[in-house]
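See structure below.
The values are calculated or read from the model by the stated rules, or taken from the named source; none is laboratory data. Please read these numbers as outputs of a predicted model, since none were measured by experiment. Counting neighbours? That spans all protein chains shown, and the Cβs are built from the backbone with ideal geometry, glycine included. Please note that ligands, DNA and RNA were not included when accessible areas were found on the heavy atoms of the full protein model with its side chains. Shrake-Rupley method; radii C 1.70, N 1.55, O 1.52, S 1.80 Å.
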Amino acid sequence: MRTSFFYIFLLFCLSSFEVKAQGELMSTQTHEAYNNYVIYSNELVHALHIMESDFAYLNMAFNEYIEQGEKEIAFEQRIILRNYDYFPILPRDLYVKLYDDNFYIPPKERGKPLELIGQYHKLIEELEEIYEALAQYLESGRYRSDEKLLQGYKYLERIELLYYDAYALEEKLYWRLDASFNHYKVPVRNQLYANILSELEDLWQEGRRISRGVRAKDRSAGFKANCMYFENLIFKLKKDKEQYLGSIPKDEEILRDYYEQMINRAELLLADARSYLAQTKYQNKPLGADFHYYRDMLSHYNRYGNGLTALYNKMLHYTTEPKLIADELPPIFELKYPNHPAFDSLRKDSIADPTWVLAQLEKNRQDSITRADSLAKIKMQMPQVGDPSLEGFAANNLIFLIDISSSMGDEEKLPLLKNSLTQLLSLMRKEDNISIIAYSDKAELLLPPISGQEQEKIIGILEKLQVRSSSNADLGLNKAYLLARESFIEGGNNRIIMATDGNFSIDKKTERLIRKSARRDIQLSIFYFSEKEYDYVKNNLQEIALWGEGSYNYITTQNARKALLLEAQSVRNTP
């Protein structure tokens with residue numbers, strides 16, 4: 001899953017170039033705009049792959065419930081499209097960038113790709129809604145009163161159809177992009193790179209053609225000829241390897257590694273294709289042999305097996321040659337009905353009627369709106385955010401991570417924080433916890449979590465704070481998150497409030513910790529103390545706070561007290 005990073009990097013690593021095409025110049029932005037489509041499409045394919053494993057499990061669990069009389073259906077819903085473990089940049093953010101940058105594609109070329117990617121985007125949104133509806137169907141126990149799980153199978157029927165639609169949309173989209181992109185003449189930046197990529201592009205395209213052939217259950221003479229051509233390409237690339245790679249500098253041996261790995265994946269694809277033609281495996285599998293052969297092909301073609309497409313795109317990223325990146329192929333979801341007389345009339349090749357599913361999704365949306373309205377009425381009777389009260393708000397677990405480097409000693413920095421926190425303590429309840437960590441060149445826990453009503457003890461620690469030398473944000477953040485996990489309040493406002501007066505960088509490990517913890521309801525807010533709000537500092541701190549799903553605040557004497565109050569009111573009690 002981490003391999004999806006290289007797709008994202010392609011957004012940022014393209015150098016400027018110019019290409020003449022039909023009297024027009026292609027800019028860096030236009031090249032990037034084309035690749036945005038493929039990057040986003042590949043992320044959707046990755047999402048389809050992740051979701052398909054859950055849908056296949058549910059299909060199996062439903063069948064066992066009917067056939068074997070299982071008493072329960074166990075299912076743990078995953079957050080997928082909003083999960084940074086799967087997507088370093090979330091698909092929704094990539095879609096916004098794609099839409100914004102579409103302006104750089106010539107007007108006569110931009111309409112159809114935008115229409116197709118919009119349909120693809122809506123398809124994935126519907127799949128996500130069905131996924132959530134299935135989870136609610138099971139979690140609520142409604143399935144127990146649903147005779148033969150007919151509602152559950154209707155969801156799965158709709159999912160099967162959407163997977164077929166996704167495959168067709170992806171194929172149309174890439175064909176359109178490729179045709180438009182190839183109107184341009186692409187300059188050669190590095191002749192050595194260009195020669196290698198030209199050969200490997202043929203290998204990737206032939207691997208793509210054969211994989212699609214297996215998907216289409218093609219066993220024609222044309223498919224067999226494609227396999228023979230693919231085999232000859234592999235043989236040629238192995239034979240001429242040193243001709244292509246002999247001039248590669250020693251510090252660029254990674255290209256040799258990519259080259260050899262692509263040949264390896266191509267050989268695995270060819271072996272899969274031969275096995276598919278001979279039908280040597282999967283004869284007794286419930287979904288049929290062809291389904292499983294296509295899955296084998298994808299494991300050597302798509303990213304999750306570091307397949308042919310992933311390796312080719314890595315080479316494009318490394319060489320920065322201006323080409324359209326390779327597309328991944330969507331998986332299949334095939335529904336299998338249980339062996340039960342009630343399902344005998346359902347034919348496997350029938351088209352599922354989406355009416356019931358779409359009506360059910362609309363009902364779920366309306367139920368959500370009704371609940372939101374009800375909650376809004378309840379909240380109107382409670383103290384509002386900004387009112388000097390914590391009544392109606394969740395218990396607080398506030399961890400103050402305080403920069404005590406020498407520059408924090410100014411009157412409007414550390415002293416201002418001390419004064420504002422002292423005022424907040426007057427509102428604290430018994431269930432609200434406060435802890436304090438100070439960091440400079442080391443991180444030190446000065447106050448373990450205690451009730452916010454123990455004001456004297458907290459104020460005593462604040463009074464003893466003394467500035468030191470330089471600061472190490474990584475040490476402070478790691479210690480704060482460790483404490484946040486240990487003192488976590490279920491359903492509470494678990495929040496690290498970082499007080500600093502300067503810019504800092506953090507390593508990738510800490511960034512992953514911040515993102516991961518945010519998904520586990522531990523937020524990070526940043527208070528910036530400075531005589532002036534410098535843009536470069538603000539931008540950096542805002543980004544880090546965004547990772548932590550908290551807030552960024554530039555602190556002055558006018559807003560310090562309210563900013564702290566709002567942090568303590570970040571989570572409402574659930575009625």
>> Taking 29 Å as the cut-off for C-alpha to C-alpha distance, list the pairs among Lys172/Lys241; Lys97/Lys185; Lys122/Lys185; Lys314/Lys509; Lys122/Lys509; Lys464/Lys508 that go past it.
In response: Lys172/Lys241; Lys122/Lys185; Lys122/Lys509; Lys464/Lys508
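Please sort by residue number the chymotrypsin sites (Phe, Trp or Tyr not before Pro) in the range 510-575 whose DSSP state is loop and whose Cβ has at most 10 other Cβ atoms within 10 Å. Working shown, then result.
Values: sites: Phe527, Tyr528, Phe529, Tyr534, Tyr536, Trp547, Tyr552, Tyr554; in loops: Tyr534.
Qualifying residues, ordered by number: none.
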> Hey, which lysines would be in cross-link range of Lys457, C-alpha to C-alpha under 17 Å, not counting anything within fewer than 8 residues on its own chain?
Replying inline: Lys418, Lys430
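Please calculate how many Å² of accessible area the range 162-291 carries per residue, with a 1.4 Å probe and no DNA, RNA or ligand atoms counted. Please report the intermediate quantities before stating the final value.
Numbers: 6710 Å² over 130 residues.
Result: 52 Å² of accessible area for each residue.
Hey, any idea what % of the range 32-85's accessible area is carbon plus sulfur with a 1.4 Å probe? List each step's numbers first, then the result.
Numbers: 940 of 2020 Å².
That share works out to 46 percent.
For the range 483-531, state which GluC sites (Glu not before Pro) are in a DSSP loop and have at most 15 other beta carbons lying within 10 Å of their beta carbon. Working shown, then result.
Numbers: sites: Glu486, Glu490, Glu511, Glu531; in loops: Glu490, Glu531.
Sparse-neighbourhood loop GluC sites (Glu not before Pro): Glu490, Glu531.
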> What is the Cα coordinate range of the range 383-519 on the first, second and third principal axes, sorted by size from largest, in whole angstrom?
Replying inline: 40, 35, 25
> Restricting attention to the alpha-carbon atoms of the chain, what are Rg (one decimal) and Dmax (integer), both in Å?
Replying inline: 28.6, 86
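What helices in the chain pass both tests, a Cα length along the helix axis of 24 Å or more and a mean Kyte hydropathy of -1.0 or higher, using whole DSSP H runs? Can you show the working numbers first?
Working: long enough: 28-68 (59 Å, -0.36); 107-139 (49 Å, -0.68); 150-181 (46 Å, -0.37); 191-215 (36 Å, -0.68); 221-239 (27 Å, 0.04); 254-278 (36 Å, -0.08); 355-380 (38 Å, -0.53).
What comes out of the filter, once short or polar helices are dropped, is 28-68, 107-139, 150-181, 191-215, 221-239, 254-278, 355-380.
Quick one: pull the percentage of alpha-carbon pairs in the range 137-215 with a separation above 16 Å. The partial results should precede the final answer.
Numbers: 2240 of 3081 pairs.
Beyond 16 Å sits 73 percent of the P(r) for the range 137-215.
Any idea what the relative contact order of the chain is, in percent, if you count C-alpha pairs under 8 Å spaced at least 6 apart?
Details: 757 pairs, mean separation 78.5, N = 575.
So the answer I get is 14 percent.
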>> Highest mean first, how do 190-203, 455-468 rank when packing is the count of other Cβ atoms within 10 Å averaged over residues?
In response: 190-203, 455-468
> Hey, any idea what the orientation-averaged projected area of the convex hull of the range 81-185's Cα atoms comes to, in nm²?
Replying inline: 8.5 nm²
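Convex hull over the Cα atoms of the range 462-529, averaged projected area in nm²? Kindly include the intermediate steps, with their values, before the conclusion.
Values: hull surface 21.7 nm².
Across all orientations, the range 462-529 yields a mean hull projection of 5.4 nm².
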>> Could you tell me the center-to-center distance, by alpha carbons, between the range 268-299 and the range 442-470 in angstrom?
In response: 64 Å
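Would you mind giving the three semi-axes, in whole Å and largest first, of the ellipsoid equivalent to the range 202-308 according to its Cα gyration tensor? Numbers along the way, then the final one.
Values: eigenvalues 169, 45, 18 Å².
Whole-Å semi-axes of the equivalent ellipsoid: 29, 15, 10.
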>> From the C-alpha coordinates alone, can you work out the Kirkwood hydrodynamic radius of the range 30-108, in Å?
In response: 15.1 Å
